[in-house]
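What follows is a single structure, written as structure tokens, with notes after it.
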Amino acid sequence: MAIETVGIIGAGQMGNGIAQVFARAGFDVLLNDVSETNLGKALATITRNLDRRIDKKTLSQDEKAAILGRIRCTVDLASLGRRDLIIESATEREAIKTRIFADLLPSLGPDTILTSNTSSISITRLAATTDRPDRFMGFHFMNPVPVMSLVELIRGIATSNETYDALKAIVGQLGKTAASSEDYPAFIVNRVLIPMINEAVYALYEGVGNVASIDASMKLGANHPMGPLELGDFIGLDTCLAIMNVLRDGLADTKYRPCPLLVKYVEAGWTGRKAGRGFYDYRGEIPVPTR
Ligand code: CAA
């Protein structure tokens, strides 16, 4: 399966990072979103990231122009139909993802591989809503996509060996490393990481420590690059909550109950960095703990 053209659905923080790494690796990228504004923001983010690389002298102006030249944007979902590979990276809600697949299917070429960057939803269940469970797979990137080396590969029950091999080869072309996960709720990274973040929110909720002491403890005491609350804000507290709900519903174990304080922050719209406020307030010069 020769894969040269890629369609990415969703231009949010994951989608724009995925577009950047594919374009940098030489793929022709068509980036889709429902909003022109989101597409404009995505291109601005990619340009800023590439400029940072130029400042650090790891990228030339010509390479930057070539990378940007390989990315086109569209609000027309149907125009992605003839791509070799589609990566759905829309909001982490199953109803939204299945709606996108239903809208896309009529224009989809017979050989196109369809993937989802879902961080937790069952690949087998998503695949079953399409006409190609054998050419459907979980293709899960980590945030920030240009920096993080891992891509999780998740096979649904019907995913073919050819599909798996094609995606594994692409991970190598991107200069990243693949890890295979069975199709169980939240796969590997989020099965371990998100309950840790939820536990940090419990520690805050129960008054074991404040935001600063919990984050400092895990950064300096466990050598994590970010504290768990800072990381929750970075991932998005709405995404963290959605993943906890998938774990609780999918594994039916109360140890995965979302902390009520996490629910409260999401209900307030304080969903982290992207909202300007989460466990830290990002609206000033430096992030200030909200507790
Ligand atoms: N986009 C692109 N590049 C970025 C970036 C971004 N958003 N943020 C940082 N970088 C780059 C910088 O340019 C810099 O590059 P060079 O070393 O080549 O100069 C490098 O990353 C390090 O950045 P900084 O020095 O500014 O900051 P740092 O050393 O604090 O590192 C970090 C930043 C890489 C984000 C680091 O804090 C980190 O690794 N944090 C943990 C991230 C993590 O755990 N991600 C996984 C989240 S879980 C997930 O994604 C799965 C899911 O489904 C929820």
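Couple of notes before you dig in:
- Qualifying residue in the range 192-206 (condition: within 24 Å of residue 225 (Cα to Cα), touching a strand residue (DSSP E or B) at 6+ places or on another chain (Cβ under 7 Å) and not basic (Lys, Arg)): no
- Those residues of the range 55-84 which are of a type outside the set (Lys, Arg), over 27 Å from residue 106 (Cα atoms) and touching a helix residue (DSSP H, G or I) at 6+ places or on another chain (Cβ under 6 Å), in sequence order: 59, 67
- Annotation: of all residues in the range 51-78 being more than 16 Å from the ligand (Cβ to nearest atom) and assigned to a helix (DSSP H, G or I), the one that is surrounded by the most Cβ atoms within 10 Å (Cβ to Cβ) is 77.
- Residues (of a type in the set (Phe, Trp, Tyr) and either within 11 Å of the ligand (Cβ to nearest atom) or touching a Pro at 6+ places or on another chain (Cβ under 9 Å) (or both)) located in the range 109-151: 141
- Residues in the range 172-183 that are over 30 Å from residue 255 (Cβ atoms) and open to solvent by 60 Å² or more (accessible area, probe 1.4 Å): 173, 175.
- A single entry from 220, 231, 241 fulfils the requirement of being free of Cβ contacts under 8 Å to residues at least 60 places away in the same chain, open to solvent by 70 Å² or more (accessible area, probe 1.4 Å), part of a helix (DSSP H, G or I) and not basic (Lys, Arg): 220.
- Among the conditions (1) more than 12 Å from the ligand (Cβ to nearest atom); (2) modelled with pLDDT under 95, residue 92 misses just one, which is (1).
- Of the strands (runs of 3 or more DSSP E) lying entirely inside the range 93-177, those carrying at least 3 residues that are among the hydrophobic types (A, V, I, L, M, F, W, C) and closer than 16 Å to residue 6 by Cα are 136-141.
- Within the set 169, 186, 200, the sole residue that is open to solvent by less than 40 Å² (accessible area, probe 1.4 Å), of a type outside the set (Val, Ile, Thr) and closer than 22 Å to residue 114 by Cα turns out to be 186.
- Residue 194 vs. criteria assigned to a helix (DSSP H, G or I), over 16 Å from residue 270 (Cβ atoms), β-branched (Val, Ile, Thr) and touching a residue at least 24 places away in the same chain (Cβ under 8 Å): yes
- Yes/no for residue 154 being away from the ligand (no atom under 11 Å from the Cβ), open to solvent by less than 10 Å² (accessible area, probe 1.4 Å) and in contact (Cβ under 8 Å) with a residue 60 or more places away in the chain: no
- Pair list, Cβ < 7 Å and 6+ apart or interchain, from the range 94-114 residues that are closer than 11 Å to residue 126 by Cα to residues that are part of a helix (DSSP H, G or I) and open to solvent by 40 Å² or more (accessible area, probe 1.4 Å): 114/135
- Scanning the range 244-271 for residues that are of a type in the set (Ser, Thr, Tyr) and open to solvent by 30 Å² or more (accessible area, probe 1.4 Å) yields one hit, 254.
- Check on residue 233, within 12 Å of the ligand (Cβ to nearest atom) and not assigned by TED's automatic domain parsing to the domain that holds residue 118: yes
- Qualifying positions in the range 157-166 - of a type in the set (A, V, I, L, M) and open to solvent by 30 Å² or more (accessible area, probe 1.4 Å): 157, 158
- Selected residue (criterion: nearest to the ligand (Cβ to nearest atom)) from residues of the range 244-261 that are in contact with a helix residue (DSSP H, G or I) (Cβ under 8 Å, 6 or more places away or on another chain) and touching a residue at least 60 places away in the same chain (Cβ under 8 Å): 247
The values are calculated or read from the model by the stated rules, or taken from the named source; none is laboratory data. From a predicted model like this one, the values you see are computed outputs, not experimental measurements. Using ideal geometry, Cβ is built from the backbone for each residue, glycine included, and neighbour counts are taken over all protein chains shown. These area figures cover heavy atoms from the full protein model, side chains too; ligands, DNA and RNA do not enter into them. Shrake-Rupley method; radii C 1.70, N 1.55, O 1.52, S 1.80 Å.
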